[in-house]
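Reading through the structure tokens given below for one structure.
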């Protein structure tokens, strides 16, 4: 059983909030977000292949990856400002198909006890138009597919 994702796109505000609970410990979910060998197993829509050029989820680190849907590639990059389980992961995020439109993302993983946790994401965009573009890009499918794939990976890693 997978938990639902709540995606909030408020009218008139340049941000998107995402909340999702996992039936796994916070440490395992944090590792799945930061370990390059694990991130390729779950991030993004089903059926897409992910290639990492760089994945340094540490303060001052950088990342760049490409999702492939067949031969069509979609590249993303950013700079990590903060990364720890105790605080948050803070990073920039840029879809290279729209260069210069950079969001600032905050990801907090809350321990709920009993081997469960909640992921809370907050993405702030430079304009309402850029936020609306992201919300209409198919982002919801990527989030839901990715988190379902993460559920599957967490079961496999725990076994």
Within the set 94, 53, 140, GNM on the chain using Cα springs under 10 Å gives the largest fluctuation to 53
Find the centroid of the Cα atoms in the stretch 105-159 and in the stretch 28-60, then give the distance between the two in whole Å.
-> 12 Å
The chain: most fluctuating residue of 137, 103, 123 per GNM, C-alpha cutoff 10 Å | 137
Rounded if a/c under 1.5, otherwise prolate or oblate - the stretch 42-116, Cα gyration tensor axes = oblate
With springs only between Cα atoms under 10 Å apart, run a GNM on the chain and tell me which of 92, 127, 34 wobbles the most.
-> 127
The stretch 1-84: relative contact order from alpha carbon pairs under 8 Å, six or more residues apart, as a whole percent, is 17 percent
Only helical DSSP H runs with n ≥ 4 go in: add -39500 (n - 2.57) per run for the chain, normalise by residue count and round the 222 nm mean residue ellipticity to 500 deg cm²/dmol.
-> -8500 deg cm²/dmol
What distance in nm separates the simple spin-label points at residue 52 and residue 156, each placed 7 Å from Cα in the Cβ direction?
-> 1.5 nm
Point-to-point label distance, residue 35-residue 66, nm (Cα→Cβ direction, 7 Å offset) = 2.7 nm
Roughly what would the spin-label model give for residue 9 and residue 86, points 7 Å off Cα along C-beta, in nm?
-> 3.7 nm
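Every number here is computed from the coordinates shown, using simple stated rules; none is lab data. Not measured: the values here are computed from a predicted model. So basically every Cβ, Gly included, is an ideal-geometry build from the backbone, and we count neighbours across all protein chains shown.
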